[in-house]
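Down below is the structure, laid out as structure tokens.
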């Protein structure tokens, strides 16, 4: 028995599943959506796996668009929503094939397969579960149900091979373990500790994207602690890892800032707000910047060299780190110009995170907040939101 109910599945995803099934194709809800439903969480995405070929899916749905070169995916669009529909793939053929293509990015075998082979080519067991809309059964070829019960992130197949095949999977293991509050299975963790330096062979844009995916859901402290323990942080952001070493390692102030950021992320997410990556980057480097006053550009510059984030992320992070001096004194008539800056709300929130992490009074931040409210007559969501966020502690 399981807890999945069709009422918790997106109605457009159900439309795709039923139409494929009614036309004689095998169609399952697959991946993280099944995992989250089984955990009682609201899935971010609902993906479909099917025996229908991409062109066959397109013929069934006028709102379908095919993307990709090496392996074509069908995107069935409902307004701004996309139901990703992929034909079942087969497992990679040989270890040699995998290692030969490792430097190019994740290995993709373009040959179609069966539901079972598709499940076995996925990354972790908890992501290899399928839900059959016709029989209402959860199909498990990889032991994902048992690992969900044990709260384990386990690689499907030999992790030494799977992480060489796509090194970014090591970061995904960290992300899922932190987000779900799971442990990483011993063999999978050993492989990460041995192969962590392979992350440097992955494409920089993919790495940058995965780094910022460690922040949402209010679990960044746990995620970056694992990145630090496994050696991945030293590979990707060596200057930050060196600072954490010198700042007490597991007792570094870096973790305090991330902990407060996590409560802030939770509060903002509950209100439907997205936290900008520039603010996230500023908090990640806050302890390092506080230890090197006046060198915000140099500190964030270490991230730019390693991850090549968008310029907007870099400039916002620098502005926020530099704003600490401005918010250290009460607002006065000759200082109010900054309130009109479009990044003022982020600066206000960032400085509230800083003083809370450092255990200082928020009186001056409140003064700036009051001035901005009077000038613009609008609420700042951090105050009301953080009351909700702190209730999760």
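Nothing in this text is a laboratory measurement; each read-out follows from the coordinates by a stated rule. Everything numeric in this text was worked out from a predicted model, so none of it was measured. Counting neighbours? That spans all protein chains shown, and the Cβs are built from the backbone with ideal geometry, glycine included.
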Which of (1) 50; (2) 35; (3) 22 is the computed percent of Cα pairs over 35 Å apart? It is (2)
Taking R0 as 45 Å and r as the Cβ-Cβ distance between residue 149 and residue 69, the FRET efficiency 1/(1 + (r/R0)^6), rounded to the nearest 0.05, comes to 0.70
The extension gain from residue 77 to residue 325, computed as 0.36 nm times the residue separation minus the Cα-Cα distance, is 84.5 nm
PRE zone check, label point 7 Å out along Cα-to-Cβ of residue 5, amide N under 15 Å, scope segment 17-31, hits none
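So for segment 1-150, considering every pair of alpha-carbon atoms, how many percent are separated by more than 21 Å? List each step's numbers first, then the result.
On the way: 4934 of 11175 pairs.
I get 44 percent for the Cα pairs in segment 1-150 exceeding 21 Å.
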Full extension between residue 160 and residue 361 adds, at 0.36 nm per residue less the Cα distance, a length in nm of 67.4 nm
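Based only on other Cβ atoms within 10 Å, what is the fewest-to-most ordering of 364, 67, 244?
On the way: 364 16, 67 12, 244 24.
Listed from fewest to most nearby Cβ atoms, that is 67, 364, 244.
What is the order of 303, 160, fewest Cβ neighbours within 10 Å to most?
On the way: 303 22, 160 16.
Going from least to most buried by this count: 160, 303.
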Residues of segment 119-159 with backbone N under 18 Å of the label point set 7 Å from the Cα of residue 44 along Cα→Cβ are 123-129, 153
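Mind giving me the FRET efficiency for residue 200 and residue 291? R0 is 25 Å, r the Cβ-Cβ distance, nearest 0.05 is fine. Present the calculation step by step, with values, prior to reporting the outcome.
Numbers: r = 26 Å, r/R0 = 1.05.
FRET efficiency, residue 200 to residue 291: 0.45.
In what sequence do 367, 274 fall when counting other Cβ within 10 Å, fewest first?
Fewest to most other Cβ atoms nearby, the residues stand as 274, 367.
Can you give the Kirkwood hydrodynamic radius of segment 250-390 from its Cα pairs, in Å with one decimal? Before the final figure, lay out the partial values.
Numbers: mean 1/r = 0.0649 Å⁻¹.
After inverting the pairwise mean of 1/r, the radius is 15.4 Å.
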Taking alpha-carbon centroids only, segment 59-75 lies from segment 1-47 a number of Å equal to 19
If R0 = 22 Å, then residue 341 and residue 271, at their Cβ-Cβ distance, give a FRET efficiency to the nearest 0.05 of 0.45
